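What follows is a single structure, written as structure tokens, with notes after it.
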Amino acid sequence: NMCQKQFPTNIRILRCPNCGGDLEFEIKGQIDFEKIINKDENSMWRYKDILPIKKEYIVSDHEGNTPVIYLEDISKKYDIKFYVKLESENPTGTFKDREASFVISRSKELGQNDIVLQSTGNTGIAITYYSSLAEMRSYFFGPLLSDYKLIMPNKSKNAKIILVDGDPVDIKSLATDFSLMHNFPKISPFYERCEANVTLGYEIAEAMLNNKLPEFDFYVQTIAAGMGPIGFYTGMKRASKWTHNKIKLPRIIAVQISEFAPIQEAWDLDMEQVGPKGITPKFNSEKPYEPTLHTTNAPAYYPYLRKLLKETDGILTKVDPNFVNKYISELRESLNNKEIILTETENSSFIGYAGMIQKIKELMAVNDEIGII
């Protein structure tokens with residue numbers, strides 16, 4: 001926050017009450033990164049000694065610590081070194097399980113039993129699942145257009161899913177009104193979601209230190225608002241500092257789908273804030289290519305994404321659904337060769353891949369060898 005006022009971790013606030021600035025968790029002192037890793041822990045909680053939640057409150061189902069695999073055929077085809085981190089191995093199939101495990105653990109630590117949230121898909125599914133594991137009551141407001149995504153492990157009768165025939169901005173208003181009416185906490189603050197996703201960076205840094213992953217030049221991810229790359233880069237930056245710059249920081253490539261790309265449009269115009277389309281997101285068709293990417297978080301997250309893209313000389317691009325469809329089978333077949341089968345219900349991973357392909361020829365024009373993860 002701008003005023004630098006500090007707050008204890010046993011409270012949950014959205015913004016600094018003094019200056020209105022955004023908050024972040026601060027890890028004080030020099031950390032021996034390699035020594036704090038709990039190598040017997042097969043989840044993102046292998047870093048629990050530097051995550052701000054008491055161990056007895058952790059709600060986990062082996063999320064995180066996902067494998068990174070090298071895809072030889074794609075690497076050979078495009079003359080690159082191409083690795084994929086399999087967040088599809090998480091319990092509900094996306095990196096949002098990291099956020100859900102962290103947020104629900106923190107809610108449990110704070111003594112909260114009722115959780116309200118709005119989401120266009122993946123976050124809501126993950127929070128619903130983890131709140132069920134914690135035996136909390138959850139109220140997930142989501143779009144009717146995302147009903148095809150509501151495939152998850154068993155949930156309890158306390159998990160309520162309210163599907164709304166409306167746009168994301170309307171669903172957000174309904175969820176907010178519901179939380180205020182019943183005095184239930186609406187989750188979750190930016191800094192909590194970011195802290196969950198730093199574990200992405202920690203895991204990749206750990207793999208590099210153990211020579212299981214080489215240095216790489218680019219990190220590519222599909223984005224809605226950009227929380228994935230923001231958390232990843234925060235974790236990598238910390239690990240680099242703690243290991244006295246043993247970890248090389250990559251450039252970030254963030255990819256949006258063209259049907260909803262307010263962040264990319266703001267980036268192209270060098271704007272400090274997103275435009276009206278990002279502030280009041282609406283579905284622009286009866287059947288969007290990927291509804292879960294129509295986020296209401298773009299205005300809040302864009303300044304952070306913009307900062308890290310400038311810091312890493314990063315790239316923010318968008319791809320058309322027709323272009324994505326041309327490359328789905330290519331990536332799917334490469335994964336199938338590794339006996340990795342993706343579901344038919346998620347297009348997000350392919351959007352990032354197509355964005356990489358779209359940029360790869362111009363990048364190779366100035367680089368003899370590129371490493372991408």
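Some observations on this one:
- Given charges at beta-carbon only (K, R positive; D, E negative), |dipole| of the chain in Debye: 820
- Comparing Q221, Q112, Q264 in a Gaussian network model of the chain (Cα springs below 10 Å), the most mobile by mean-square fluctuation is Q112.
- Loop-resident chymotrypsin sites (Phe, Trp or Tyr not before Pro) (DSSP state other than H, G, I, E or B) in segment 1-60 with no more than 14 further Cβ atoms inside 10 Å of their Cβ: F25.
- For the pair D270 and E41, the difference between a 0.36 nm per residue extended length and the Cα-Cα distance amounts to 78.2 nm.
- Counted charge near E195, where neighbours are those whose Cβ lies closer than 10 Å (Asp, Glu -1; Lys, Arg +1): 0
- C3 paired with N18, simple spin-label distance in nm, labels 7 Å along Cα-to-beta-carbon: 0.6
- Percentage relative contact order, segment 294-362, counting C-alpha pairs under 8 Å, at least six apart: 34
- Shape call, segment 126-191: gyration tensor on alpha carbons, a/c limit 1.5: oblate
- Across segment 240-373, the mean sequence separation of Cα contacts (distance under 8 Å, 6 or more residues apart), normalised by length, yields a relative contact order of 30 percent.
- Electrostatic bookkeeping for Y302 treats Lys and Arg as +1 and Asp and Glu as -1; over the other residues with beta carbon under 13 Å from its beta carbon, the sum is -1.
- Three semi-axes describe the equivalent ellipsoid of the chain; taken as square roots of 5 times the Cα gyration tensor eigenvalues and ordered largest first, they are 29, 25, 21 Å.
- Relative contact order of the chain, pairs being alpha-carbon contacts under 8 Å that are 6 or more residues apart, as %: 16
- Net charge, V319 excluded, C-beta distance under 15 Å - Lys, Arg +1, Asp, Glu -1: -3
- Centroid-to-centroid separation of segment 133-147 and segment 42-62 [C-alpha atoms, Å]: 23
- Gaussian network model of the chain, springs between alpha carbon atoms under 10 Å - residue of I252, I13, I263 with greatest fluctuation: I13
- Selected from I104, I31, I257 as most flexible by GNM, with the chain as the system and alpha-carbon contacts under 10 Å: I31
- Listed residue (F7, I253, P143) projecting farthest to the positive dipole end of the chain, Cβ model: F7
- Among the cysteines of the chain, those whose beta-carbon sits 4.7 Å or more from every other cysteine beta-carbon are C16, C194.
- FRET efficiency, N10 to E286 (Cβ-Cβ, R0 56 Å, nearest 0.05): 0.75
Bear in mind that the values in this text are calculations on the coordinates, not laboratory data. Since this is a predicted model, take the numbers as computed values, not measurements. We place every Cβ from the backbone using ideal geometry, glycine too, and count neighbours over all the protein chains shown.
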